Amino acid sequence: GGWKVSPLFHERDRIELDTDVAVCRLPPHPFGAYQPLNLSLRPVGASEKVFAIGYAEMEDIPVRYDDGRVVLSHFKQDLYVSVGTTTMVHHDNTVTRSATTPGPCFEFDAKIPGKMSGSPILGGDGAVIRGVVSKSFSGERSASGALLGPATHLPLFGHRSIKDMMLDGSEGIPRILGTGL
């Protein structure tokens, strides 16, 4: 996004957002580190039980600055959980473009409230993240999720990827032997 200067006298200058991104800053953990969420590299299969969890239908959080400190006004934050089953998987969607979600993705039959994009989709056992919510059809039991596994090889820090960190067991991401990562 960027700063938008309004030419209108009655309208304040403001930040104009270009993308839908959420940023979360956590205070240091009193015992050293937080437990990371486990990512699954195993492909999602059809008829797999999944559930999405997130803060849906949240309005933008009003933020103001007072003497250089961030001050948040009161905002509504209701946690939603939606359960469903995968109905179709599009592993080769970058080539076939058989789904409107870009890249490898899957469809599932859960009712996802609006503004829940980016929320984690966990496997039925709740142990690993299978993807993230990419879109839903308001009021219907139809949604899609972007697969995370195919993106774990992309470099994040220098030339290191999430898959590299998983393989060497660093950054709090455990290496599980015998899984054929």
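We did not get these values from a lab; they are worked out from the coordinates using the rules stated. Since the structure is predicted, the reported quantities are computational estimates derived from the model, not experimental observations. Cβ atoms come from the backbone with ideal geometry, glycine included; neighbour counts cover every protein chain shown.
Other residues whose C-beta falls under 13 angstrom from the C-beta of residue 125 contribute a net charge of +2, scoring Lys and Arg +1 and Asp and Glu -1. Stokes-Einstein at 4 °C, 1.567 mPa s, Kirkwood radius from Cα pairs: D for the range 60-126 in µm² s⁻¹? Translational diffusion coefficient: 84 µm²/s. Modelled spin labels at residue 128 and residue 64, positioned 7 Å past Cα toward Cβ, are 4.7 nm from each other. Using 0.36 nm per residue and subtracting the Cα-Cα separation, the extra length available between residue 151 and residue 167 on full extension is 4.3 nm.
If R0 equals 30 Å, the separation of the Cβ atoms of residue 137 and residue 38 corresponds to a calculated FRET efficiency of about 0.55.
Here each label is just a point 7 Å from Cα along the line to Cβ, and for residue 87 and residue 100 those points are 1.4 nm apart.
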